[in-house]
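Colleague: Dropping the structure in here first, questions after.
Nothing in this text is a laboratory measurement; each read-out follows from the coordinates by a stated rule. Here the structure is a predicted model, which is why all the values come from computation and not from measurement. Cβ: placed from backbone, ideal geometry, glycine included. Neighbour counts: every protein chain shown.
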């Protein structure tokens, strides 16, 4: 498991498959260099908690992945089901992720959006913050920091 919206599953033939959860976007987790342990990418508030919530739900359990798409990183984009539970929607309802409206479609959009509204109202998970920054804005800001020109007159 890498964060609150991406997991690795082992398919029926024993192959590890990276799965991005459909229709949700969880806060980013801090990324560290595996050798030096230095932070290479900062995380967001509640990123670690979202990761742990997803881990608690599915780690070591047999889940069904309803593949909805393949993303640009060649990951399967899926709804994870554990019995009749929609794990993706649970993550939103419990306040660990946003309903990712940009990528949501019928018949899931209304349920995921309603789950987010309920979590906001009840101030669950990340909604305990006053005005949490959505992960897509956080990622955009990080990309922008990498492209800032150096001030004139500075050494390379």
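Colleague: Sort 33-45, 99-111, 17-29 by the packing proxy (mean of other Cβ within 10 Å over each peptide's residues), most packed first. Walk me through the numbers before you get to the answer.
Modeller: Details: 33-45: 11.3, 99-111: 14.2, 17-29: 23.2.
Going from most to least packed, we get 17-29, 99-111, 33-45.
Colleague: How much mean residue ellipticity at 222 nm does the chain get from its helices, if each DSSP H run of length 4 or more adds -39500 (n - 2.57) and you divide by all residues, to the nearest 500 deg cm²/dmol?
Modeller: Details: 4 runs with 45 residues, N = 156.
Taking each H run of at least 4 residues, the total per residue is -9000 deg cm²/dmol.
Colleague: Something else about it: For the chain, what does the relative contact order come out to in percent, with C-alpha contacts under 8 Å and a separation of six or more? Can you show the working numbers first?
Modeller: Details: 241 pairs, mean separation 34.1, N = 156.
Reported as a whole number, the value is 22 percent.
Colleague: Roughly what would the spin-label model give for residue 136 and residue 64, points 7 Å off Cα along C-beta, in nm?
Modeller: 2.9
Colleague: Which angle from 0 to 90°, rounded to the nearest 10, does the C-alpha axis of helix 135-146 make with the longest principal axis of the chain?
Modeller: 20
Colleague: Taking the Cα atoms of region 6-145, what is the range of coordinates along each of the three principal axes, in descending order and whole Å?
Modeller: Reported extents, whole Å, longest axis first: 42, 40, 27.
Colleague: What length, rounded to one decimal in nm, is gained on full extension from residue 128 through to residue 33, with 0.36 nm per residue of separation minus their alpha-carbon distance?
Modeller: Values: separation 95, 0.36 × 95 = 34.20 nm, distance 3.00 nm.
Difference between extended and current length: 31.2 nm.
Colleague: Follow-up. Evaluate E = 1/(1 + (r/R0)^6) for residue 40 and residue 17, where r is the Cβ-Cβ distance and R0 equals 35 Å; express this FRET efficiency to the nearest 0.05.
Modeller: Numbers: r = 25 Å, r/R0 = 0.70.
The calculated FRET efficiency here is 0.90.
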